[in-house]
Amino acid sequence: MIEQLTLILDKLITLQKSLLHVSNRKMEALKENDIDEINRLLKEELSHIRAMESLNARREELQEDISLTYQTPVTTFSELLGIDSLPGKENLREKHAELTACTLRLKNQNELNQDLLNQSLQFVNLSLDLVMGQQETGNYSQDPDDIQSMRTHSIFNSKA
């Protein structure tokens, strides 16, 4: 069981690193406004996330099995590492630390990408406001004097 848990942690670390790489590529695509690349990367992220969810479910099952084997109630991975007689505990601790560090790097990268998205959205909104503001000062004025002057300059002579 411990060997299986170690393998799952290795796979999770590999997926996290790959997801970080995808997130970095997404940042570049955001900078370049490459919508097609962003969509492709989002699909790639989704496949990573699904694989990680599956591995995490298996990790939780193994964690529960270990808990029953050692007759110690365990709900978190940190509690699992607290079992004194657990073989390979130091290796698991290192894997857990590496996985935590990868998760933190990924979280920071995702926050940066979110900031880039927010800035892009603000720019789009500003651009829309500027365009809409120009249209309002064009032919579509609601000033009553403008409407009256338009009526006096008709191309038809109604008095004729």
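The values are calculated or read from the model by the stated rules, or taken from the named source; none is laboratory data. The shown structure was predicted, so the numbers you read here are calculated from the model rather than taken from an experiment. Glycine also receives a Cβ, built like all others from the backbone with ideal geometry; neighbour counts cover every protein chain displayed.
Structure notes:
- One residue from Glu53, Glu37 being within 16 Å of the chain's Cα centre (by Cα) and exposed (fewer than 15 other Cβ atoms within 10 Å of the Cβ): Glu53
- Among (1) part of a helix (DSSP H, G or I); (2) more than 14 Å from Ile2 (Cβ to Cβ), the one test that Ile66 misses: (2)
- Residues of the range 83-100 that are of a type in the set (Gly, Ala, Ser) and under 13 Å from Glu3 (Cβ atoms): Gly88 alone.
- Failed item, numbered, when Ala29 is tested on (1) part of a helix (DSSP H, G or I); (2) surrounded by 15 or more Cβ atoms within 10 Å (Cβ to Cβ); (3) touching a residue at least 60 places away in the same chain (Cβ under 8 Å): (3)
- Restricted to helices (runs of 4 or more DSSP H) entirely inside the range 69-160, those with at least 1 residues that are surrounded by 10 or more Cβ atoms within 10 Å (Cβ to Cβ), of a type in the set (Val, Ile, Thr) and at pLDDT 85 or above are 89-136.
- Every pair of residues 6+ apart whose Cβ atoms lie under 6 Å, when the first sits in the range 109-126 and is in contact (Cβ under 8 Å) with a residue 24 or more places away in the chain and on the phi > 0 side of the Ramachandran plot while the second is assigned to a helix (DSSP H, G or I) and not aliphatic (A, V, I, L, M): none
- Here Leu12 does not qualify as under 16 Å from the mean Cα position of the chain (by Cα), touching a residue at least 40 places away in the same chain (Cβ under 8 Å) and crowded, with 18+ Cβ neighbours inside 10 Å.
- Options Ser18, Ser54, Ser47, Ser23; residue that is assigned to a helix (DSSP H, G or I), at pLDDT 90 or above, over 22 Å from His96 (Cβ atoms) and of a type in the set (Gly, Ala, Ser): Ser47
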